[in-house]
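A short write-up of the structure that comes next.
Rule-based calculations on the coordinates, nothing more; no lab input. Worth saying up front: this structure is predicted, and the values here are computed from it rather than measured. Cβ: placed from backbone, ideal geometry, glycine included. Neighbour counts: every protein chain shown.
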Amino acid sequence: MLPYKKFDSTKLSWAHVKISFISGVGFFTDAYDLFIVTTLITLFLHSNVPGFSNYLTGPSSAFWLSVLTSSAIWSAIAGQLIFGGVSDKKGRKSVYGIEALILTIGAIASAFAQNLLELVIARTFLGLGIGGDYPISSVIASEYSNTNDRGKLIALVFSNQGIGILAAIGISFLSTLYLPPTLAWRVMVGIAAIPSAVVIYLRRKMPETPRYSLLVKGDVEEVKKAGKLFNIDVKDLDNNVPKARELSVKEFIKNYWITLIGTTLPWLILDVALYGMGLYSDFITFAIFPTLKGSLILNELRAGIPYIIGLPGYFAAVALIDKLGRKTQQIIGFMMMSIVYLLTAVLLNTTFPSIVLLGLYSLSFFFINFGPNTTTFIIPAEVYPVTYRSRGHGLSAASGKFGAAITTYIFPVIYPLLGTKAIMMLLALLSIVGAIITAFTLEETKRRPLEEVSNDLKIITSEESVLSIKNK
């Protein structure tokens, strides 16, 4: 039995949960850093913070609003592509922890920014760490997981995004309530350095994943280190285990172009909805429920309601992902998003109770998190071969962030022109497109070995090119 099959068949253990925790802390920080922009904008618009508020209230306010909201997103795209490429070439372990260090430094630099331009520069650097965390943490969780629980373990990593958003809402509220605005925003962005700093050491000490060690590096000793985490004995490792062949870019595209469509376009569509609705939550929730205008604290609470209602969606995904399946759950999520957006658009500006309408709109965040927000993160970590797994995930995540970046640029322009109703109808249509693409481009991966769903079994070299493992 090959060692990675032993990892596939092992029972769910504390070691699996520990790896999910170490990987998940990065997503806690990622989500916190990205959401905190929403409350920063609200604070800067409602308070006079020298060096910051004047940028967002003057004649160039739309430009600076777009720059502030998208700076970390653009650099996240670069981080996803760079870290994904290095991870496949040099190994997951070679870069794990570096992205957490970037997150830590970026958060501290943000807290000490003296004006909006410096804050944008700091957040641009921070975005590299945000992006780098996507392909590395997801693939590490995937390659360490057992087959039956792989979906929930990767989803558990991603669910920390919801906790990070909830923490951002809570810390924003407390900071605004008890601190002057000039100090409150610095606490809000600076505190993000703590969780990412905690896991730097733990990530650097984690062994290379058994699949990469065996199928790419051919490093027996690293496989043994990974085995110790799960009490798996690999002393009988066959020294003639075949290694995975490195595909050329042309071969990769030829064999995986349909899969690339299935993992990139739905993620792009998702992030158009998630960031369009999320980063401008204050404007949208005000259009639905306007009676709290004028109070900074109440505005922050109202803008946070959709995220709070959406939080259980992450954990519903964890519970059901290995039962319903990734493809099914993604289609359900997209279709329910479409229904909620359409209903919200139809009922907006009618006599329908505003508080009920706000609750209905907030349900879209539940189905986002239950469906494509979680599944688009899981699927790319499973469907690509070991030599392209991080790059495949990085490309998919970058596609999503590209959609998010474009949205943050055009939203300040089209929202005043089209209004909330038209935006909701447009998102309803896009969600249907996401469901259709999912249905026709992706296979179900639940409870199937990685080597099967990624076609690694076909790519692993045959007898004439079997290479001996270097037993260091």
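For the reader, a short list of remarks on this structure follows.
- Mean separation of Cα contacts under 8 Å, 6 or more apart, over the residue count of the chain: relative contact order %: 25 percent
- 5 angstrom amide H check on ASP219, placed H, neighbours 5+ away: LEU214
- Relative to the longest principal axis of the Cα atoms of the chain, the long axis of helix 389-441 makes an angle of roughly 10 degrees.
- Degrees, to the nearest 10: 354-370 long Cα axis against longest axis of the chain: 20 degrees
- Summary of the geometry: segment 2-35 and segment 343-374, compared by the centres of their Cα atoms, lie 32 Å apart.
- Cβ-derived FRET efficiency at R0 22 Å, ILE436 paired with ILE414, nearest 0.05: 0.40
- Separation in nanometres of the label points that stand 7 Å from Cα toward Cβ, at SER9 and LYS323: 2.7 nm
- Efficiency of FRET between LEU117 and ASP233 - r from beta-carbon atoms, R0 60 angstrom, step 0.05: 0.60
- Axis angle, to the nearest 10 degrees, between helix 249-278 and the longest C-alpha principal axis of the chain: 30 degrees.
- Cleavage-rule hits, trypsin sites (Lys or Arg not before Pro), segment 1-81, DSSP coil, Cβ neighbours within 10 Å at most 11: LYS11
- Per-residue ellipticity at 222 nm from helix content only, as computed over the chain with -39500 (n - 2.57) for each DSSP H run of at least four residues, stands at -25500 deg cm²/dmol.
- Separation in nanometres of the label points that stand 7 Å from Cα toward Cβ, at ASN54 and VAL249: 4.6 nm
- Approximate spin-label separation ILE339-ILE108, in nm, with each point projected 7 Å along Cα-to-Cβ: 5.0 nm
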